[in-house]
Amino acid sequence: MALSYALFSNMAYQWFDANGANASFFPAAGVTMAALIVFDRRWWPSVVAGALMSELVVDLVHELSLAAAL
């Protein structure tokens with residue numbers, strides 16, 4: 001789940017990396033929502049933790065400061 005989140009998050013960065021342009025949709029959020037729908041509630045903390053960690057790594061790879069990534 002974390003890998004697919006990271007891939008879709010990176011895809012959004014590549015599509016909408018123009019100056020001042022923000023993504024009007026975020027495919028990685030769909031991955032997280034699908035995982036929350038498919039998996040049992042006991043797995044939800046793991047799904048959210050995976051999404052948060054993946055987003056943090058992708059932000060840092062794209063040279064955002066740690067403060068901005070958090």
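Laboratory data are not the source of any read-out in this text; all were calculated from the coordinates shown. These numbers come from a predicted model, not from an experiment.
Quick one: Kirkwood hydrodynamic radius for the chain, alpha-carbon pairs, angstrom, one decimal?
Hydrodynamic radius (Kirkwood, Cα pairs) of the chain is 12.6 Å.
If I histogram all Cα-Cα distances within the range 29-70 using bins 5 Å wide from 0, what percent of pairs lands in each bin?
Reading upward from the zero bin: 5, 24, 25, 17, 14, 10, 5.
Working from Cα positions, state the angle (0 to 90°, nearest 10) between the long axis of helix 44-61 and the longest principal axis of the chain.
So the inclination is approximately 20 degrees.
How far is helix 27-38 tilted off the main Cα axis of the chain, in degrees rounded to 10, range 0 to 90?
Tilt of helix 27-38: around 0 degrees.
Under 8 Å for C-alpha pairs, at least 6 residues apart: give me the relative contact order for the chain, rounded to a whole percent.
Here the relative contact order equals 41 percent.
Return one number: the angle in degrees, 0 to 90 and rounded to the nearest 10, between the long axis of the Cα atoms of helix 2-15 and the longest principal axis of the Cα atoms of the chain.
In the chain, helix 2-15 runs at an angle near 30 degrees to the longest axis.
Calculate for the chain the 222 nm mean residue ellipticity that helices alone would give, adding -39,500 (n - 2.57) per DSSP H run of length 4 or more and normalising by residue count, nearest 500 deg cm²/dmol.
Rounded to the nearest 500, it is -21500 deg cm²/dmol.
If each residue of separation counts as 0.36 nm, what is the full-extension length gain between Phe26 and Val48 once their alpha-carbon separation is subtracted?
Taking Phe26 through Val48 to full extension adds about 6.4 nm, to one decimal.
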